[in-house]
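Each remark here refers to the structure printed beneath this line.
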Amino acid sequence: MVTNLNTLDLIEAKVLKGERLSKEDGLNLFASNDLARIGYLADLVRKRISGDYVYYNVNCHLNLTNMCTALCDFCAFGCEETDKRAYAMTMDDIRAKVKRACLDPNMKNLHIVSGLHPHWPFSYYVDVIKMLKKEFPQLHLKGFTGVEITHFAKISGKSIREVLQELKDAGIEAMPGGGAEILNDRIRNKLCPNKATASEWLEVSRVAHSLGIKTNASMLYGHIETIEERVDHLITLRNLQDETGGIQTFICFPFHPANTKLGQSVQRTSVWDDLKTMAICRLMLDNIHNIKAYWVMLTLPIAQLALGFGANDIDGTISEEKIMHDAGANSPKALTRDNLITLIKQTGRIPAECDCNFNIIRTF
Ligand code: SF4
């Protein structure tokens, strides 16, 4: 029999049969410019894996400090303690900010990510979590990236397991996915040599999952990585998920060059790349339930469009985002719950409000 199937035909046949895509398939998808077809396949997989719900949460971002000992080349948020932008929140600052956020009766989630402060001891972070749990028991606490956990272990002399157990006992229920960037030490040695290595980041996730703490995972793309390194990154996360099953959501962050050390040399990714990458992530990460379209970095129109390219999660109301806006993100700093519900309904899907562990609170 004569067959005349091109690479996308072969990939489509695999997708329809529910077969896992290989590294070569991932590379072929990136090499193709048939965006509509790649998006169609990703949308099929999205529907098969997670149905028509689009998850969002009513949340507040808490960035305890922007002082950071790592000073990664791609980051516009972290700075030295002598920088005029430097700030560090006291316990009273934190309490006041969270109290303000809780004026919204729907507020349910705190997302806590910060720089690596040069002097704070690990006990300060534990005390913050204990205070939040005691004074705001209605909130779900998602806190600290693999990079921060590695830092806490180093400054406290404790093991990763001891650090995570202490934070869990204090009230941490889930962890965000930041700090993964691209899990490749060639890139990390160039862009962020002062923070967790690829294997340290993976180890934190492994230990967290073994303690019952679910995490997110992410990819920062569009800087100095090759397409092959993007695909390898996705396969590394897929392998981790096969091993532990503890990743709840995957987020792909397009790099924002403004105000970073890479600013002059790297261009912002195109919408075409953003949508294609989103769709390929959905296709490659067949064992991760949720793919997030993070509206802060994508902008609202692209995030909405991404819901047709494999995404089923659009993050939250956020209540003042700082990290990406320091890097020039021109999306709003916060949204209302009604904004998000409308945005999701316009795509014909079902808004599902959830907590940080994807327990559905209500649907609309
Ligand atoms: S990415 Fe994180 S670790 Fe790196 S400089 Fe920014 S805040 Fe610090």
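Here are the numbers:
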| item | result |
| --- | --- |
| Those residues of region 242-269 which are assigned to a loop (DSSP other than H, G, I, E, B), under 22 Å from Cys192 (Cβ atoms) and open to solvent by less than 30 Å² (accessible area, probe 1.4 Å), in sequence order | Phe255, His256, Pro257, Thr260, Leu262, Gly263, Val266, Thr269 |
| Flag for Arg100 being outside any strand (DSSP E or B), away from the ligand (no atom under 16 Å from the Cβ), farther than 27 Å from Val207 by Cβ and in contact with an Asp or Glu (Cβ under 9 Å, 6 or more places away or on another chain) | no |
| Residue match in region 153-164 (condition: more than 16 Å from the ligand (Cβ to nearest atom), open to solvent by less than 40 Å² (accessible area, probe 1.4 Å) and within 29 Å of Asn33 (Cα to Cα)) | no |
| Among residues of region 270-295, those that are without any contact (Cβ under 8 Å) to a residue 40 or more places away in the chain and surrounded by fewer than 24 Cβ atoms within 10 Å (Cβ to Cβ), counted | 2 |
| Filter result (open to solvent by 20 Å² or more (accessible area, probe 1.4 Å) and modelled with pLDDT of 95 or more) within region 344-362 | Lys345, Gln346, Thr347, Gly348, Arg349, Ile350 |
| Out of Leu44, Leu71, Leu5, Leu10, sole residue that is part of a loop (DSSP other than H, G, I, E, B) and modelled with pLDDT of 95 or more | Leu71 |
| Residue selected from region 105-125 under the condition within 16 Å of the ligand (Cβ to nearest atom) and not hydrophobic (A, V, I, L, M, F, W, C), by the criterion most open to solvent (accessible area, probe 1.4 Å) | His119 |
| Filter result (in contact with a helix residue (DSSP H, G or I) (Cβ under 6 Å, 6 or more places away or on another chain), buried (at least 17 other Cβ atoms within 10 Å of the Cβ) and in a helix (DSSP H, G or I)) within region 207-234 | Val207, Ala208, His209, Val231, Leu234 |
| Pair list, Cβ < 9 Å and 6+ apart or interchain, from region 86-101 residues that are in contact (Cβ under 8 Å) with a residue 60 or more places away in the chain to residues that are of a type in the set (A, V, I, L, M) | Ala101/Leu62; Ala101/Met107; Ala101/Leu110; Ala101/Leu139 |
| Those residues of region 296-306 which are more than 18 Å from Ala334 (Cβ to Cβ) and buried (at least 24 other Cβ atoms within 10 Å of the Cβ), in sequence order | Ala306 |
| Residue within region 191-199 that is open to solvent by 10 Å² or more (accessible area, probe 1.4 Å), away from the ligand (no atom under 16 Å from the Cβ), more than 19 Å from Gln248 (Cβ to Cβ) and assigned to a helix (DSSP H, G or I) present | yes |
| Residues being open to solvent by less than 30 Å² (accessible area, probe 1.4 Å) and away from the ligand (no atom under 16 Å from the Cβ) - total across region 69-96 | 1 |
| Selection count, region 126-138, where residues are over 13 Å from Asp169 (Cβ atoms) and buried (at least 16 other Cβ atoms within 10 Å of the Cβ) | 4 |
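The values are calculated or read from the model by the stated rules, or taken from the named source; none is laboratory data. None of the values given here were measured: they were computed from a predicted structure. Note: ideal-geometry Cβ built from the backbone for every residue, glycine included; neighbour counts use all protein chains shown. Side chains are part of the model used for accessible areas, which takes the heavy atoms of the whole protein and leaves out ligands, DNA and RNA. Shrake-Rupley method; radii C 1.70, N 1.55, O 1.52, S 1.80 Å.
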